[in-house]
Amino acid sequence: MFDKTMQPRPAWWRRPLARFMGGVVGVFAGFFLNTASAQPPAVGRIAFFYGEALDPAALAGYDQVVVEPDNGFVPKAAEAAGTEPRGMRWIAYVSVGEVLPSRDYYAAIPKAWRIGRNGDWKSEVIDQAAPGWPQFFVEKVIAPLWAKGYRGFFLDTLDSYQLMAKTDAERARQQAGLVAVIQRIHRRFPRAELILNRGFELMPQVHDNVSAVAFESLYRGWDEANQRYVAVPEDARAWLLARAREVRERYDLPVIAIDYCAPADLACAQQTVAQIRAQGLIPYVGDGHLMRINPAAAQD
């Protein structure tokens, strides 16, 4: 049974934001430079792209883009080469609640911390309450990405603990662990832009540490099992809109809605962007696996 503050994922829902995630490489650097107190920039128009060949021209009109760092993009290298759009902010996807064996840091995670499996994605669920996990995550995952030039992090799989936690007490322990991870990231890198994928139940403790909250599939979703685009049921949309309203009104944070349309269906993308904006949310509409940049959300 799920936490009462969480809505169960519908049967058709699959997590395209985590589908193609690989490992993280790098070395820790810049501790003293990065501990200076400063506020991250405001969230602007945002794209999500997890492919390998990033076309800078496709990012015209966007202020920032979330990318899969294991696909080889290094912001500092792009800046040095002069190939990145001026003023672009690069946000790294990171999985908090789960880990794939392909991640470089996987072998360093104690076996006792890996408490279950997510069969849909062939990943392992991490015990967020494990002593040392917040420090490990910052040192082995976040710090190397910061050293590469990423100045923000999209924190995914924040509800994976629900696969294993079956009692209120255990859910509370896991949630406290997630709070500790997020707060430790913020303390170490106060200038970093932290965007949560859901994590609604964590907001009372972490709202001062994050820049925005995102969620998927408000109007249009992607059914990974059946490889098709689907309309989101009204009850699921109503629940998400209620959570978005809480985040905006109670915590004064922007909310990002990520929806999915077929790449060739420009009308679907434009309509969905308009619907999301009408709700006062920041839109992005991508293909089911986020392999292409869709310009729709960058247009007025």
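Among the residues of the range 282-292, the ones that are crowded, with 23+ Cβ neighbours inside 10 Å and not small (Gly, Ala, Ser) come to 4 in all. Filtering the range 45-56 to residues that are assigned to a loop (DSSP other than H, G, I, E, B) and either at pLDDT 85 or above or of a type in the set (Phe, Trp, Tyr) (or both) leaves Arg45, Tyr50, Gly51, Glu52. Kindly list, by first and then second residue, each pair from a residue in the range 173-192 that is touching a residue at least 24 places away in the same chain (Cβ under 8 Å) and more than 11 Å from Ile142 (Cβ to Cβ) to a residue that is polar (S, T, N, Q) and surrounded by fewer than 22 Cβ atoms within 10 Å (Cβ to Cβ), limited to pairs with Cβ atoms under 6 Å and residues at least 6 apart or on different chains. Final answer for the pair search is Val179/Gln205; Gln183/Asn209; Pro190/Ser37.
One line per residue, one yes/no per condition, for (1) small (Gly, Ala, Ser); (2) within 19 Å of the chain's Cα centre (by Cα):
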{"residue": "Phe215", "(1), (2)": "no, yes"}
{"residue": "Gly221", "(1), (2)": "yes, yes"}
{"residue": "Arg237", "(1), (2)": "no, no"}
{"residue": "Tyr260", "(1), (2)": "no, yes"}
{"residue": "Cys268", "(1), (2)": "no, no"}
{"residue": "Ala274", "(1), (2)": "yes, no"}
{"residue": "His289", "(1), (2)": "no, yes"}
{"residue": "Asn294", "(1), (2)": "no, yes"}
{"residue": "Ala297", "(1), (2)": "yes, yes"}
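When the range 268-290 is filtered for residues that are under 17 Å from Trp222 (Cα atoms) and hydrophobic (A, V, I, L, M, F, W, C), the ones remaining, listed by number, are Cys268, Ala269, Val273, Ile276, Val285, Leu290. For the range 39-90, what are the residues that are of a type in the set (S, T, N, Q), farther than 19 Å from Phe189 by Cβ and more than 18 Å from the chain's Cα centre (by Cα)? Answer for the range 39-90, where residues must be of a type in the set (S, T, N, Q), farther than 19 Å from Phe189 by Cβ and more than 18 Å from the chain's Cα centre (by Cα): just Thr83.
Applying the condition of being of a type in the set (Gly, Ala, Ser) and surrounded by fewer than 19 Cβ atoms within 10 Å (Cβ to Cβ) to the range 212-249 and asking which residue is farthest from Arg277 (Cα to Cα) yields Ala225. Reported count of residues in the range 250-274, each being touching a residue at least 24 places away in the same chain (Cβ under 8 Å) and either among the small types (Gly, Ala, Ser) or buried (at least 18 other Cβ atoms within 10 Å of the Cβ) (or both), is 14. Looking only at residues in the range 108-124 that are among the aliphatic types (A, V, I, L, M) and either in contact with a Pro (Cβ under 6 Å, 6 or more places away or on another chain) or modelled with pLDDT of 95 or more (or both), the one that is surrounded by the most Cβ atoms within 10 Å (Cβ to Cβ) is Ile109.
Screening Val66 against (1) within 17 Å of Ala165 (Cβ to Cβ); (2) touching a strand residue (DSSP E or B) at 6+ places or on another chain (Cβ under 9 Å); (3) modelled with pLDDT of 95 or more; (4) of a type in the set (A, V, I, L, M) leaves a single unmet condition, (1). Scanning for something among the aromatic types (Phe, Trp, Tyr), touching a Phe, Trp or Tyr at 6+ places or on another chain (Cβ under 9 Å) and closer than 15 Å to Phe154 by Cβ, does the range 221-242 turn up at least one residue? No, the conditions are met nowhere in the range 221-242. With respect to (1) free of Cβ contacts under 8 Å to residues at least 60 places away in the same chain; (2) closer than 17 Å to Gly177 by Cα; (3) crowded, with 18+ Cβ neighbours inside 10 Å, the lone exception for Ser95 is condition (1).
The values are calculated or read from the model by the stated rules, or taken from the named source; none is laboratory data. The shown structure was predicted, so the numbers you read here are calculated from the model rather than taken from an experiment. So basically every Cβ, Gly included, is an ideal-geometry build from the backbone, and we count neighbours across all protein chains shown.
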